[in-house]
1. Do we find a residue being at the interface with chain A (Cβ under 8 Å from one of its Cβ atoms), buried (at least 23 other Cβ atoms within 10 Å of the Cβ) and of a type in the set (Gly, Ala, Ser) anywhere in the range B:75-98?
2. Scan the range B:102-119 and tell me whether some residue there is within 12 Å of chain A (Cβ to nearest Cβ), within 19 Å of B:PRO48 (Cβ to Cβ) and either open to solvent by less than 10 Å² (accessible area, probe 1.4 Å) or of a type outside the set (A, V, I, L, M) (or both).
3. List the pairs whose first member sits in the range B:7-30 and is farther than 18 Å from B:ILE139 by Cβ, whose second member is of a type in the set (Val, Ile, Thr) and crowded, with 17+ Cβ neighbours inside 10 Å, and whose Cβ atoms are under 7 Å apart, counting only residues at least 6 apart or on separate chains?
4. Does the range B:137-149 contain at least one residue that is open to solvent by 30 Å² or more (accessible area, probe 1.4 Å) and hydroxyl-bearing (Ser, Thr, Tyr)?
5. Condition (residue is farther than 17 Å from B:GLU101 by Cβ and over 18 Å from the mean Cα position of the chain (by Cα)) applied to the range B:45-68: is it met by at least one residue?
6. Quickly run through the range B:33-74 and pick out the residues that are in contact (Cβ under 8 Å) with a residue 24 or more places away in the chain, under 19 Å from B:ILE118 (Cα atoms), more than 11 Å from every other protein chain (Cβ to nearest Cβ) and not in a helix (DSSP H, G or I).
Amino acid sequence: MAKSAFGNLLRAFRLRSNYGLREFAQLISESPSNLSAVEKGRRAPWRTLDKLRAIAEALSLQEGSRDWDQFFLSARIRNSLPNDLEALLGRDLNLALLRTVEEKKLTDQQLRELIAYVNKERWANGQSDGN
Amino acid sequence: MGSPMAISGLVEYSRTELERRAREYLSSRHDIPHMLPIKVELMLDTTPNIVFDTFPGLVVKHGVEGAICTQNGSKDLFVFIDEGIACGHDSARYNAAVGEELAHVRLHGAVLMQVKTIEHFLEIQRHPDWDKSEYDARIFSAAIRMPCHLVEKHARIHYCEIVDSLGFGQTRQIEMAINARLARLFEVPLEDMRRRLMNWPCEVMRRVQMSVLSCSPELTPSDPVKKFMPVFSPQKTLFEEL
């Protein structure tokens, strides 16, 4: 299991605040399985500042405190990707798409077909097919 | 085909022993906030050498709500709760599932340290020797989630309120109302609370019937001879003041 400094820190802060996994997940509008995956390093930390701030506040971290800085710094380190990917992953639905692809274990051929589907003319015009 | 080999190291407990162990365990958890419902999830998550996680498909594929095993020679015990239950809306069911896994860790930890995979765990679950362990875990879990002294305290409060509003004519309704109120307060399934209220050491339902029969506005006290009275240090312990 991959270790994650952010995940370890998040779990330590959560337990320090006496929140159970499910209880805290509900508080930050996440599923317990997502929260657990982030804590255990199976998933990257949340990328948007708003989300991280909401979590930090739920953990009663004081802005400007050492804990606050450590929390944001460890999220940032884990998130250090090329700028274009960083921007891409800032959109929740892009993340959902990637996770779906990963969970379904698509083959290379299936991925090519998916890309071809996305590249259809009507999608290139910015229209969805409504399905 | 011969009978399967016995599971080595499996300990069986008496009901009295399970109640005593549960009470001692609650008293030892000074780190858990004093509040209802009892935070079994936090207890499990903060147990040393326990990795608490969710796992997809345990109920659908294997018919179990939780599973426990070691992994890759790790000294940790991995405790998994079905993802659907963890992510679902039924907190009572979730607490029951977590409580039962916590009970297994406390009662059968040594045996579970020999379990290498979830498949191995499922195999042990099907073993006839495991039935008593499941029963023991349910009793221990109930005693953790619904400590007798807290059930007693809140049953008294709610009995007074309920007979005040319903009168003494409807014993069954009074029983059901107490059951529903306490199940909600302790965040446990209705059936779990019903069993707790029926059985020793709480035996609340029997006393509700006695009280209603004699039109008493107070819940009949528990029988001091039959009441579970473990020996503990005199200072106030965790969960006693709730």
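1. yes
2. yes
3. Within 7 Å, the pairs are B:ILE7/B:VAL111; B:ILE7/B:ILE124; B:GLY9/B:VAL111.
4. no
5. The answer is yes; a qualifying residue exists.
6. B:ASN49, B:ILE50, B:GLY57, B:VAL64, B:GLU65, B:GLY66, B:ALA67, B:ILE68, B:CYS69, B:THR70
For (1) modelled with pLDDT under 95; (2) closer than 26 Å to B:HIS30 by Cα, each residue gets a yes or a no:
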position	(1), (2)
B:ARG184	no, yes
B:LEU213	yes, no
B:LYS226	yes, no
B:THR237	yes, yes
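Each row is one residue, and each column tells you yes or no for (1) of a type outside the set (Asp, Glu); (2) buried (at least 17 other Cβ atoms within 10 Å of the Cβ); (3) within 19 Å of B:PRO221 (Cα to Cα).
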site	(1), (2), (3)
B:CYS160	yes, no, yes
B:ASP164	no, no, yes
B:MET176	yes, no, no
B:ARG181	yes, yes, no
B:ARG196	yes, yes, yes
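The values are calculated or read from the model by the stated rules, or taken from the named source; none is laboratory data. Quick caveat: nothing in here was measured; it's all calculated off a predicted structure. Glycine also receives a Cβ, built like all others from the backbone with ideal geometry; neighbour counts cover every protein chain displayed. Just the protein is used for accessible areas: all its heavy atoms, side chains included, with ligands, DNA and RNA removed. Shrake-Rupley method; radii C 1.70, N 1.55, O 1.52, S 1.80 Å.
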